[in-house]
Amino acid sequence: MTLFSPAATWPLDEHKMFADSVSRFMDDALAPNIEHWAEQGHVDRSFWQAAGDAGVG
């Protein structure tokens, strides 16, 4: 999935790099844990700290 349509002219390389970085972070840090967090009823604080460290949050 991409945030930008193929015809979009406004995204700079930096926008695309950030979108790729966020996507990789979500694949690595969110996807493997989402079922556990759903069962426990909240997202672990360590995820939010990691998101901030990665420049996502």
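What to note about this one:
- Filter result for the condition that a residue is modelled with pLDDT under 90, within 10 Å of the chain's Cα centre (by Cα) and aliphatic (A, V, I, L, M), over Ala29, Ala19, Ala51: Ala19
- Long-range neighbours under 8 Å by Cβ, at least six apart or interchain, first residue among the charged types (D, E, K, R) within the stretch 31-52, second surrounded by 10 or more Cβ atoms within 10 Å (Cβ to Cβ): Asp44/Asn33; Asp44/Trp37
- Leading residue by the ranking (surrounded by the most Cβ atoms within 10 Å (Cβ to Cβ)) among those in the stretch 1-22 that are free of Cβ contacts under 8 Å to residues at least 12 places away in the same chain and hydroxyl-bearing (Ser, Thr, Tyr): Ser5
- Residues of the stretch 13-32 that are over 13 Å from Gly55 (Cα atoms) and either in contact with a helix residue (DSSP H, G or I) (Cβ under 6 Å, 6 or more places away or on another chain) or among the β-branched types (Val, Ile, Thr) (or both): Ala29 alone.
- Scanning the stretch 4-19 for residues that are in contact with a Leu (Cβ under 9 Å, 6 or more places away or on another chain) and of a type in the set (Gly, Ala, Ser) turns up at least one hit.
The values are calculated or read from the model by the stated rules, or taken from the named source; none is laboratory data. Keep in mind it's a predicted model, so treat the numbers as computed, not measured. Cβ coordinates were reconstructed from backbone atoms using ideal geometry, including for glycine residues, and neighbour counts include every protein chain displayed.
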